[in-house]
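Have a look at the structure below before the remarks.
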Amino acid sequence: MRASRDTDKETSGWSTKKMIARQDAFLAAFILLGSVRAAGEAVGISREAVSRWNRNDVHGFRERYASAREDFVESLQDLAVSRVKEQKPGDNPVLLIALLNAHWPEKYRRTGYAVEGGGKEMIEAWRKWEKENKKSRTRERDEGQDSAVEEAERILAKKSKPDRDGAPG
């Protein structure tokens, strides 16, 4: 692992103005690049420094970092919309979809749209209905009554049998 270019010792001597300027440079790079590693390398800030700034909310960094993440995520959405508008039939948007799923799951991941308990309740109701109707169909067969499906099959079978003249029923 490479030595940190932005150690506590180094940054502790920085003025507030210099620290905020370094944070702003990192955040601007992060908005464009979308990764702590890439943005840090672009401006000479280590991942550890970014973590420390975020963890300790140095000069209000946490809120500005969250805002920069939102800006990056929205840039992905802008790119997606642009690509959809320009897409040709053979283009494959899978990588872009994966990025949107990763960075904005509450909007783009299928699980983000699940209605709490709604699907489960619907499946349970369907299973209960199926179970009740299965009992009913079994009882009808036992009593000599045919289900609608069996009746339809019998009618279709009669129609497909040739009559005495050889024509279908």
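The values are calculated or read from the model by the stated rules, or taken from the named source; none is laboratory data. Bear in mind the structure is a predicted one, so any value in this text is a computation, not a measurement. Note: ideal-geometry Cβ built from the backbone for every residue, glycine included; neighbour counts use all protein chains shown.
Structure summary
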{"quantity": "Helices (runs of 4 or more DSSP H) completely within the range 1-53 that count 3 or more residues being crowded, with 18+ Cβ neighbours inside 10 Å and at pLDDT 90 or above", "calculated": "16-33, 36-43"}
{"quantity": "Where Ala66 falls short, out of the listed (1) surrounded by fewer than 16 Cβ atoms within 10 Å (Cβ to Cβ); (2) more than 21 Å from Trp104 (Cα to Cα)", "calculated": "(2)"}
